[in-house]
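**Student:** This structure is in structure tokens; I'll ask about it shortly.
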Amino acid sequence: METNTLQRIIEFADLAHGDQLRKFTGERYIVHPVRVMETCRQYSNDPAVLTAALLHDVLEDTSVSRDDMSAFLYTLLSADIANEAVALVVELTDIFTRKNYPRMNRRQRRQHEFERLARASSKAQTIKYADLIDNCLDIVQNDPDFARVFLGESGKLLSMMNRGDHGLRALADETIRAGRALLKKRPV
């Protein structure tokens with residue numbers, strides 16, 4: 001995939017995320033999807049995967065619609081690749097949110113998401129592995145209390161998702177294990 005095309009998708013995602021910042025570092029939010037994409041790129045050169053990795057949080061966290069995303073991607077990519085990328089982003093977008101399911105607690109919502117993601121395509125799961133890796137590293141380093149919950153959830157999700165790239169899945173598993181080991185060394 002051309003560097004110029006990736007750069008334009010990064011700019012679109014950055015603009016979509018606007019003033020959003022990473023919770024712990026204060027960095028512009030775009031650093032996270034770029035890291036997710038770079039991790040995916042070590043395992044896949046599929047343009048739909050790289051595009052979706054950059055855009056994986058846009059529908060969930062911004063006002064950009066699926067149609068807006070499609071219209072933008074049609075200017076850069078073939079219709080087939082653009083459609084596949086959007087479909088991957090849709091697969092990765094949480095459905096069981098507090099807003100959509102206010103009567104469910106976090107554990108119930110997460111369980112439904114895990115079951116949904118367990119049925120996701122291999123490409124969506126590959127992106128999710130990279131997302132877990134980046135979020136685990138960030139959360140373990142910056143919020144040890146929540147990290148215990150997050151690593152438990154991530155481990156459970158990973159045990160249910162086995163269709164993505166096996167090498168990247170192994171790295172996600174290793175990252176979760178390393179995070180748990182690091183937390184054990186820290187005082188509670």
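**Student:** From the set of residues in region 12-40 that are among the basic types (Lys, Arg) and not in a loop (DSSP other than H, G, I, E, B), which is least open to solvent (accessible area, probe 1.4 Å)?
**Tutor:** Checking each candidate, the answer is Arg35.
**Student:** Now for a separate question. Looking at Ile81, Ile127, Ile139, Ile95, can you tell me which residue is in a loop (DSSP other than H, G, I, E, B) and either of a type outside the set (S, T, N, Q) or within 24 Å of Phe24 (Cβ to Cβ) (or both)?
**Tutor:** Exactly one of Ile81, Ile127, Ile139, Ile95 is in a loop (DSSP other than H, G, I, E, B) and either of a type outside the set (S, T, N, Q) or within 24 Å of Phe24 (Cβ to Cβ) (or both), namely Ile95.
**Student:** Between Thr51, Thr3, Thr25, Thr75, which is over 29 Å from Val149 (Cα atoms) and either touching a strand residue (DSSP E or B) at 6+ places or on another chain (Cβ under 6 Å) or at pLDDT below 95 (or both)?
**Tutor:** On the way: Thr51 fails: either touching a strand residue (DSSP E or B) at 6+ places or on another chain (Cβ under 6 Å) or at pLDDT below 95 (or both); Thr25 fails: over 29 Å from Val149 (Cα atoms); Thr75 fails: either touching a strand residue (DSSP E or B) at 6+ places or on another chain (Cβ under 6 Å) or at pLDDT below 95 (or both).
Unique residue meeting the criteria: Thr3.
**Student:** Condition first: in a loop (DSSP other than H, G, I, E, B), under 18 Å from Ile133 (Cα atoms) and either among the hydrophobic types (A, V, I, L, M, F, W, C) or open to solvent by less than 20 Å² (accessible area, probe 1.4 Å) (or both). Now tell me which residues in region 41-78 satisfy that.
**Tutor:** Residues satisfying the conditions are His56, Asp57.
**Student:** Within region 161-178, can you find the residues that are of a type outside the set (A, V, I, L, M, F, W, C), assigned to a helix (DSSP H, G or I) and open to solvent by 50 Å² or more (accessible area, probe 1.4 Å)?
**Tutor:** His166, Arg169, Asp173, Glu174, Arg177
**Student:** I need the full set of residues from region 98-107 which are under 20 Å from the mean Cα position of the chain (by Cα) and either among the aliphatic types (A, V, I, L, M) or in a helix (DSSP H, G or I) (or both), in order please.
**Tutor:** Across region 98-107, the qualifying residues are Arg106, Arg107.
Per-residue answers, yes or no, for (1) modelled with pLDDT under 95; (2) open to solvent by 30 Å² or more (accessible area, probe 1.4 Å); (3) within 20 Å of Asp94 (Cβ to Cβ); (4) more than 17 Å from the chain's Cα centre (by Cα):
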position	(1), (2), (3), (4)
Glu113	no, no, yes, no
Thr126	no, no, yes, no
Lys156	no, yes, yes, no
Arg180	no, yes, no, yes
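**Student:** What tally of residues in region 147-166 results from selecting those that are closer than 28 Å to Phe24 by Cα and among the polar types (S, T, N, Q)? Break it down stepwise before answering.
**Tutor:** Here is the first cut: in region 147-166, the ones closer than 28 Å to Phe24 by Cα are 147-159, 161.
With the extra rule that they be among the polar types (S, T, N, Q), the set shrinks to 154, 159.
Looking only at that region, the number is 2.
The values are calculated or read from the model by the stated rules, or taken from the named source; none is laboratory data. For clarity, every value in this text was computed on a predicted model and none was experimentally measured. A quick note on method: Cβ atoms are made from the backbone with ideal geometry, for glycine too, and the neighbour counts reach across all protein chains shown. Surface accessibility is based on the protein's heavy atoms, side chains included, excluding ligands, DNA and RNA. Shrake-Rupley method; radii C 1.70, N 1.55, O 1.52, S 1.80 Å.
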